[in-house]
1. With r defined as the distance between the Cβ atoms of Tyr137 and Arg200 and R0 fixed at 22 Å, what FRET efficiency is calculated, to the nearest 0.05?
2. Using only the alpha carbons, work out the radius of gyration and Dmax of the range 71-226 in angstrom.
3. May I ask you to give the average projected area over all directions of the convex hull of the Cα atoms of the range 83-159, in nm² rounded to one decimal?
4. For labels at Trp128 and Ile95 in the simple 7 Å Cα→Cβ model, what's the distance in nm?
5. Just the Kirkwood number for the range 132-192, please: inverse of mean 1/r across all distinct Cα pairs, in Å, one decimal.
6. Working out 0.36 nm times the residue gap between Asp182 and Ala60, then minus their Cα-Cα distance, what length gain in nm do you get to one decimal?
7. Give the accessible area for Ile68 in Å² (nearest 10); use a 1.4 Å probe, count only protein heavy atoms, and leave out ligands, DNA and RNA.
8. So for the pair Phe43, Arg80, with labels modelled 7 Å out along Cα→Cβ, what separation do we get in nm?
Amino acid sequence: MNAPSARGLFRATGKKPKPVHIRDLVSGEIVKADALVREGNDFYPTPPEPTRAILSAEGARLSEFGTIWEPAAGDGAMVREMEAAGLRVVASDLIDRGCGADIRSFYDFDAAPARAILTNPPFAECGWGNGRARWLYHALDRLGVDYMALLMNWGFPGAGGLGPFWAKHPPARVYLMRWKIDFTGQGAPPMLNAWFVWDRAHQGETVLRMLDRVDVRQSSLFDSAE
């Protein structure tokens, strides 16, 4: 299995890379490797549990929208979870990964194809560094969506430079998932993540809620109504 490696960097600095334990994607066994295997364009599908968690927590609100927009659809992992829950989804992305998404830049949209967004967005475009929170401002100011749920690292609010954004657009609800997510599927150091939800129908202070694995359901949002 060939994959980009950091060996050249370590040779240049006189240091040796430390072997890592990864999950073999064929056998499922934990094996030792020189480095994590990198996917093309550093793309990793979002595992199902985070999506199922937000659908469980926000299902009633999401069902009020006729359509949900997934503007960073990737291979359609989150789209499939939403559709399995009974939601209608429109998908878009920069790269065609075979899920039938509209191949189009998020910034090319002058009008949102749906009033609600649910996605795992490009982090670099949401932080202040190179992105200057451009993705966030485009969604909430330019497109003026009514609802947006973003899967982000738990430390996202502390990113430098985002103070003016938080002052203008405080989230309605934040869901901390009390389990760590391995986005690579290789046993990589997992991350603590949360869903940040902006909802124009919300009034008052930001509500913080905790989600455990037992909160994750796979049933349809509409099961209770059947």
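1. Rounded to the nearest 0.05, the efficiency is 0.90.
2. 15.9, 48
3. So the Cα hull casts an average projection of 5.9 nm².
4. Output for this residue pair reads 2.9 nm.
5. One decimal place: 13.5 Å for the Kirkwood radius.
6. Contour length minus the Cα-Cα distance gives 41.1 nm.
7. Approximately 0 Å² of Ile68 is accessible to the 1.4 Å probe.
8. Placing both labels 7 Å beyond Cα along the Cβ direction yields 1.4 nm.
The values are calculated or read from the model by the stated rules, or taken from the named source; none is laboratory data. Here the structure is a predicted model, which is why all the values come from computation and not from measurement. Ideal geometry is used to build each Cβ from the backbone, glycine not excepted, and the neighbour counts take in all protein chains shown. What goes into the accessible areas is simple: the full protein's heavy atoms, side chains included, and nothing from ligands, DNA or RNA. Shrake-Rupley method; radii C 1.70, N 1.55, O 1.52, S 1.80 Å.
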